[in-house]
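Report on one structure; see the data block that follows.
The values are calculated or read from the model by the stated rules, or taken from the named source; none is laboratory data. Remember, predicted model here, so these are calculated numbers, not experimental data. Here the Cβ positions follow ideal geometry from the backbone for every residue, glycine too, while neighbour counts run over all protein chains shown. These accessible areas exclude ligands, DNA and RNA; they are computed on the full protein's heavy atoms, side chains included. Shrake-Rupley method; radii C 1.70, N 1.55, O 1.52, S 1.80 Å.
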Amino acid sequence: MSELTFEQMLEDSIKTIHSGEVVEGTVIDVKSDEIVLNIGYKSDGILARNEYTNDSNVDLTTVVKPGDTMEVKVLKVNDGEGQVVLTYKRLAADRGNKRMEEAYNSREVLRAAVSQVLEGGLSVVVDEVRVFIPASLVSDTYEKDLTKYLGQEIEFVISEYNPKRRRYIGDRKQLIVARKAELQRELFERIHEGDVVEGVVKNVTDFGAFVDLGGADGLLHISEMSWGHVEHPRKAFKVGDKLNVLIKEINGSKVALSLKFEDQNPWRDAADKYAIGNVVVGRVARMTDFGAFIELEPGVDALLHVSQISKEHVEKPADVLSVGQEVTAKIVDFNETDRKISLSMKALAAAAPAEEDVVPVDIEAVISAQGEEDAR
């Protein structure tokens, strides 16, 4: 039996490798754009930056160091110069592809940072696999500007998986819709008509404000914003305001809200304060051709009819009154059921004697006449 030469023994001790094979290597040298690995083969393996990552700006010395071990895939056993060409990103992509398949089949919720904002949506990278999330699947509402998502971690599911075309579509919208549905279910199990809950103003319109109750939006109509007069919702509230609101009515998924709390109702003791004959002071809130509405307090208005403004003829209220003017008048009618109060300035003026109706008294003549009477 012939003895093996040293060269044959050395050759037999070195493993053989093939293109496509996954091997483990130890980093023996790192440059900014290249990693050299000992893979247990007669030649070292070379891992270029473009085969490590898609980021062309990364400095490899900041991500690995000599002595680190890593799994790589063999691209070429001999690059023509006797070196083994390796790839890390393609191995990661292969594993990422498998990861996408599993996530797609199991409906797993994935989480990743947005790496790019594109014209038609967002791009994220999961295990070296680029996933595209179309703008229509980013949210359950229209998003005009997607740049706010850049760098932000978001959750999504894989809604389309096509490895042959390397097409991986993410869907964030269905997660948002599902969460809102669950929050809505929990909210409606918790709230009842008459409850006072905390909410945040989400949107303000001409007719009211929509308040986020944490699972559903409630409408705070302009007529329910105050016991007093609200000129415009936008003058009273802004988006982001926190409110304690009363659940006035629940009708299916619609919730009507109110800020008119009964313990603050100005009509509770109005019968005493505004009894017929009482003299009150109020402010002109608004005027019409037939009269002026006088605010006696927030939530309590009274009508001062044009015929009750003065003993003199008044064509229209604006001829003698102005909005914001303070007036003193007498209560001439009170209807608690319809919450109507009528005022009269004329009646108040009639109660005081007019200057021309007062007859001057001559004191000396009265005394003289009294003396003559006594003499008789």
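The figures follow:
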read-out: Selected residue (criterion: most open to solvent (accessible area, probe 1.4 Å)) from residues of the stretch 305-319 that are among the aliphatic types (A, V, I, L, M) and in a helix (DSSP H, G or I); value: Ala318
read-out: Test: residue in the stretch 340-349 that is open to solvent by less than 40 Å² (accessible area, probe 1.4 Å), at pLDDT 90 or above, assigned to a loop (DSSP other than H, G, I, E, B) and touching a Lys or Arg at 6+ places or on another chain (Cβ under 7 Å); value: no
read-out: Residues of the stretch 185-224 satisfying the condition of being over 12 Å from Lys248 (Cα atoms), part of a loop (DSSP other than H, G, I, E, B) and among the aliphatic types (A, V, I, L, M); value: Leu213, Ala216
read-out: Qualifying residue in the stretch 146-160 (condition: open to solvent by less than 50 Å² (accessible area, probe 1.4 Å) and out of contact with any Leu (no Cβ under 9 Å at 6 or more places or on another chain)); value: no
read-out: Single unsatisfied condition, Asp140 versus (1) touching a helix residue (DSSP H, G or I) at 6+ places or on another chain (Cβ under 8 Å); (2) crowded, with 19+ Cβ neighbours inside 10 Å; (3) more than 18 Å from Val22 (Cβ to Cβ); (4) modelled with pLDDT under 95; value: (2)
read-out: Selected residue (only one of Val320, Val300 is over 30 Å from Asn244 (Cβ atoms) and β-branched (Val, Ile, Thr)); value: Val320
read-out: Looking only at the stretch 162-184, and only at residues there that are among the polar types (S, T, N, Q) and assigned to a helix (DSSP H, G or I), the one that is farthest from Asp127 (Cα to Cα); value: Gln184
read-out: Given (1) open to solvent by 40 Å² or more (accessible area, probe 1.4 Å); (2) part of a strand (DSSP E or B), index of the condition Ile276 fails; value: (2)
read-out: Members of the stretch 225-244 found to be small (Gly, Ala, Ser) and either assigned to a strand (DSSP E or B) or surrounded by 15 or more Cβ atoms within 10 Å (Cβ to Cβ) (or both), listed by number; value: Ser226, Ala236
read-out: Unique residue being open to solvent by 20 Å² or more (accessible area, probe 1.4 Å), in contact with a Lys or Arg (Cβ under 9 Å, 6 or more places away or on another chain), part of a strand (DSSP E or B) and aliphatic (A, V, I, L, M) when the list is Ala302, Ala256; value: Ala256
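Okay, residues lined up against (1) closer than 28 Å to Lys164 by Cα; (2) in contact with a Phe, Trp or Tyr (Cβ under 9 Å, 6 or more places away or on another chain):
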position	(1), (2)
Asp55	yes, no
Val63	no, yes
Thr69	no, no
Val72	yes, yes
Leu75	yes, no
Ser106	yes, no
Ala113	yes, no
